[in-house]
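This report concerns only the one structure given below.
Derivation of every value follows stated rules applied to the coordinates shown; laboratory data play no part. Keep in mind it's a predicted model, so treat the numbers as computed, not measured. All Cβ positions, glycine included, derive from the backbone under ideal geometry; neighbour counts span all protein chains shown.
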Amino acid sequence: MIQYLSDNFSRLLVLTLGHAVLSLVALLISVVVGVSIGAYVGHLRRYSFLAINLGNVLRALPTLALIAVMIALIGFGFVNITIALVVLALPLILTNAYTAVTGVDRGMVEAARGMGMKDLEILFQVELPNAIPLIMTGVRTAWVYTVATAYLAIFAGYATRPGQLGSLGDIIGNPSGEGTTGVLVAAAFAIVLAFLGAGLITLAERAMTPTGIKLSRSAAMAPA
Amino acid sequence: MTEAHSQRPGVEIEFRSVTKTYPGQDTPAIDNLSLTVPAGDICCLVGPSGGGKTTAMKLVNRLIDFNEGEILIGGSGVRDVDITALRRDIGYVIQQVGLFPHMTIEANIGVVPRLLGWSADRIKARAVELLDLVRLDQNFAKRYPSQLSGGQQQRVGLARALAVDPPVMLMDEPFGALDPITRNEIQDEFLKLQNEIAKTVIFVTHDIDEAIKMGDRIAVLRQGGVLAQYGTADELLGSPADEYVADFVGADRGLKRLSLRLMRDLVKVSGENHAAPADAPTVKGSATLRTGLSVLFASGSRVLKVTHDDDSATVIGTVTLDQLQDAVYETAPKAPTDVVVAGEA
């Protein structure tokens, strides 16, 4: 295993970078779309049935089947795997954003409305700041799922090639060529990537969570 | 202090035959409600849950929209102005978590000023001024709501509602979540404050004692949002309109009514000074009749000596047990010559 690692180290790093880029692009798209829709539907407290159920249907789709269908529809490549990963990550982020925003104290929201905040002012100045911790939990989960699934890029026809980074799927999806050792090492890299990313997301969450929210959470957890 | 804090005293609020029926319900939540709150008065809305008191209040800032009738603030209809502008010009205080936990106290107080585009400096200065008004130290400005006690939070809630010096304030059970001692304290302070700022206040409470204490006028609502009686505490206690109101204000309304008047008023009414026995108990002129009665009963005497507020050695007169009883029995105690027996329910 050490032998494999030292023989393939620079290649592994490049593939991990490709894996990370792939996952990150899918995550960013999912965050932009999922948080916007989830938060807004949460703010309206209407159409939730539609948004949540649509999310659940997307979540139930087997990623590999989706990739196969999209090969027929749009062909091989980066777009194919990215769509597949977005379909995986988006529902997670959307449902969490929805739950986070609806979970903001209704009395507080009504106070905001009563004081003359308009809808978007309520959403951006009251609901979202209070919803950040829960939204970021969804983002973190989605990241781990995405990294764990991005190896499917190889089946979507996205592999290392001049001008294309590839993904750890180049190794994981090729056990006959790389051997069990190779698959295990590549999987370990994926796991490290997932944890590193999750850690960074946690740091981002801390930075983004307003001080007052942190204080009120620690006050709520302190023994009375 | 007064001028600096408030340049806009209250204006009249008038409900004109206002009816609100929620969609899908047969009976209205507010049924043909008409009442006028004079400028600068506190009007307490009381009633059972389901009586529509909170609904009635929320009709004013249109958090709930009425179906029929009209509500006028200072003569102009609440539907004739932009809803956002309307709300920003009405102070709003709610029970529990009205404060935004993610904002500092200063930012909380500055919510409406910020919406109105005030400069940061002006907001800062106003926050300091308001913290002072509600008797909180200036160093609270940079703290967060969770670092404050319930009573302190509610003071901030009050300061926030007063931020742009609105002529009208809506208060939804503002002190309901506080412990009795803190509640009493903050009630007293609010009354003192109200003396200076003279806002027109609609104050929702389920506690009739709080209504009697806080309200210049009290509107008693019954199930279905029907106004059962509207009047001063004294009118409600002295001549309840019907059995429902009598029941609502409590069987001890005679005693409650004693709380509304001060010993010094009764001394004036009595006129001549009877020579009281040397061992007669004394009570301050600023004590309520209820306190006087309690002192009297506890002492076994039939006469009380009433003393000057600041100087307990100066006796300003006496009050007898009979006088105390007459005070409750009169219908119109504000005009003691007009002796009419209270209509008993």
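Could you give the nm distance between label points at B:Asn67 and A:Phe124, where each point is 7 Å from its Cα heading toward the beta carbon?
Label at B:Asn67, label at A:Phe124, 3.8 nm between them.
At a Förster radius of 30 Å, what calculated FRET efficiency corresponds to the Cβ-Cβ distance of B:Arg16 and B:Ser49, to the nearest 0.05? Please report the intermediate quantities before stating the final value.
Working: r = 26 Å, r/R0 = 0.86.
Efficiency computed from Cβ-Cβ geometry: 0.70.
FRET efficiency for B:Thr36 and B:Ser119, Cβ-Cβ distance as r, R0 = 41 Å, nearest 0.05? Don't skip to the end; give the middle numbers.
Values: r = 38 Å, r/R0 = 0.93.
Calculated transfer efficiency: 0.60.
Quick one: dipole size for the protein assembly as shown, taken about the Cα centre, charges +1 on Lys/Arg Cβ and -1 on Asp/Glu Cβ, in debye to the nearest 20.
2060
Residue separation times 0.36 nm, minus the C-alpha to C-alpha distance between B:Asp165 and B:Phe297: what's the value?
Taking B:Asp165 through B:Phe297 to full extension adds about 42.9 nm, to one decimal.
Would you mind checking segment A:177-211 for residues with the amide N under 17 Å from a putative spin-label position 7 Å along Cα→C-beta of A:Leu24?
What the label zone holds, given the 17 Å backbone N cut-off, is A:190-205.
May I ask you to sort A:Tyr158, B:Tyr22 by Cβ crowding, counting other Cβ atoms within 10 Å and putting the fewest first?
B:Tyr22, A:Tyr158
Checking understanding here: applying a Kyte-Doolittle mean of at least 0.0 and a length along the axis of at least 18 Å (C-alpha), which whole DSSP H helices in chain B pass?
Counting only whole DSSP H runs, the qualifying helices are B:120-133.
Please name which of A:Ile135, A:Gly107, A:Val192 has its Cα lying farthest along the dipole of segment A:66-224 towards the positive end, using unit charges on Cβ (Lys, Arg +1; Asp, Glu -1) and the Cα centre as origin.
A:Gly107
Using R₀ = 25 Å, calculate the FRET efficiency as 1/(1 + (r/R₀)^6) where r is the Cβ-Cβ separation of B:Gln25 and B:Ile83; round to 0.05.
Approximately 0.60, to the nearest 0.05.
Which whole-Hz ³J(HN,Hα) couplings does segment B:218-228 yield from phi under the Karplus relation 6.51 cos²θ - 1.76 cosθ + 1.60, θ = phi - 60°, glycine and proline marked x?
10, 10, 9, 9, 10, 2, x, x, 9, 6, 7
Just add up the charged neighbours of A:Asp170: K/R +1, D/E -1, any other residue whose Cβ is under 11 Å from the Cβ of A:Asp170.
+1
Taking loop as defined by DSSP and a crowding limit of 11 other beta carbons within 10 Å, which trypsin sites (Lys or Arg not before Pro) in segment A:87-175 fit?
Working: sites: A:Arg106, A:Arg113, A:Lys118, A:Arg140; in loops: A:Lys118.
Counting only loop positions with at most 11 other Cβ atoms within 10 Å, none of the trypsin sites (Lys or Arg not before Pro) in segment A:87-175 qualifies.
Please compute the Kirkwood hydrodynamic radius of the protein assembly as shown from all pairs of different C-alpha atoms, in Å with one decimal.
Result for the protein assembly as shown stands at 28.6 Å.
All other residues with a Cβ under 12 Å from the Cβ of B:His206 taken together, and with Lys, Arg as +1 and Asp, Glu as -1, what is their net charge?
Result for the neighbourhood of B:His206: -4.
Bin all alpha-carbon pair distances of segment B:261-329 at 5 Å intervals from 0 and give each bin's fraction as a whole percent.
Reading upward from the zero bin: 3, 21, 34, 29, 11, 1, 0.
Using a cut-off of 13 Å between beta-carbons, work out the net charge of the residues near B:Gly40 (Lys and Arg +1, Asp and Glu -1, B:Gly40 not included).
-1
How far apart, in nm, are two points set 7 Å out from the Cα along the Cα-to-Cβ line at B:Tyr329 and at A:Leu44?
6.9
Please list, by residue number, everything in segment A:82-116 whose backbone N is under 15 Å from a paramagnetic label point 7 Å out along Cα→Cβ of A:Ala65.
A:88
If you scale each eigenvalue of the Cα gyration tensor by 5 and take the root, what three semi-axes come out for chain B, rounded to whole angstrom and sorted largest first?
39, 27, 16
Most exposed first by the Cβ proxy, i.e. fewest other Cβ within 10 Å, how do A:Tyr145, A:Tyr47 rank? Spell out each step's value before the answer.
Working: A:Tyr145 20, A:Tyr47 12.
Fewest to most other Cβ atoms nearby, the residues stand as A:Tyr47, A:Tyr145.
A 22 angstrom limit on the alpha carbon distance is what I want to check against. Which of A:Lys214/B:Lys58; B:Lys20/B:Lys199; B:Lys53/B:Lys199; A:Lys214/B:Lys124; B:Lys256/B:Lys284; B:Lys192/B:Lys284 exceed it? Show your work: numbers first, answer last.
Details: A:Lys214/B:Lys58 32 Å; B:Lys20/B:Lys199 26 Å; B:Lys53/B:Lys199 20 Å; A:Lys214/B:Lys124 24 Å; B:Lys256/B:Lys284 19 Å; B:Lys192/B:Lys284 20 Å.
The pairs that break the limit, which is 22 Å between Cα atoms, are A:Lys214/B:Lys58; B:Lys20/B:Lys199; A:Lys214/B:Lys124.
Given the -39500 (n - 2.57) contribution per DSSP H run of 4+ residues, what per-residue ellipticity at 222 nm results for chain A, rounded to the nearest 500 deg cm²/dmol?
When only DSSP H runs of four or more count, the value is -26500 deg cm²/dmol.
Taking the alpha-carbon distance from B:Lys305 and a cut-off under 18 Å, which aspartates and glutamates remain once sequence neighbours fewer than 8 residues away in the same chain are dropped?
B:Asp265, B:Glu272, B:Asp279, B:Asp322, B:Asp326
Separation between the A:Arg206 and B:Thr282 pseudo-spin-labels, each 7 Å from Cα along Cα→Cβ, expressed in nm?
6.6
Once whole DSSP H runs in chain A are found, which of them have Cα atoms spread over 27 Å or more along the helix axis and a mean Kyte-Doolittle score of at least -0.5?
Passing helices, by number: A:2-44, A:78-102, A:128-149, A:175-208.
Over all directions, what mean area does the Cα convex hull of chain A project, stated in square nanometres?
15.8
Compute the distance from the alpha-carbon center of segment A:92-151 to that of segment A:35-74, in whole Å.
Between the Cα centre of segment A:92-151 and that of segment A:35-74, the gap is 17 Å.
To make sure I understand, if each residue's beta carbon is the centre and we count other beta carbons within 10 Å, what order do A:Met70, A:Met208, B:Met169, B:Met263 fall in, fewest to most?
Ordered by Cβ neighbours within 10 Å, fewest first: A:Met208, A:Met70, B:Met169, B:Met263.
Among the aspartates and glutamates, select those whose C-alpha is under 19 Å from the C-alpha of B:Lys142, and discard any that sit fewer than 8 residues away in the same chain.
Output for B:Lys142: B:Glu106, B:Asp121, B:Glu129, B:Asp132.
Going toward the positive end of the dipole of the protein assembly as shown, with +1 on Lys and Arg Cβ and -1 on Asp and Glu Cβ, which of B:Leu221, A:Tyr4, A:Asn96 do you reach last?
The one lying farthest along the dipole's positive direction is A:Tyr4.
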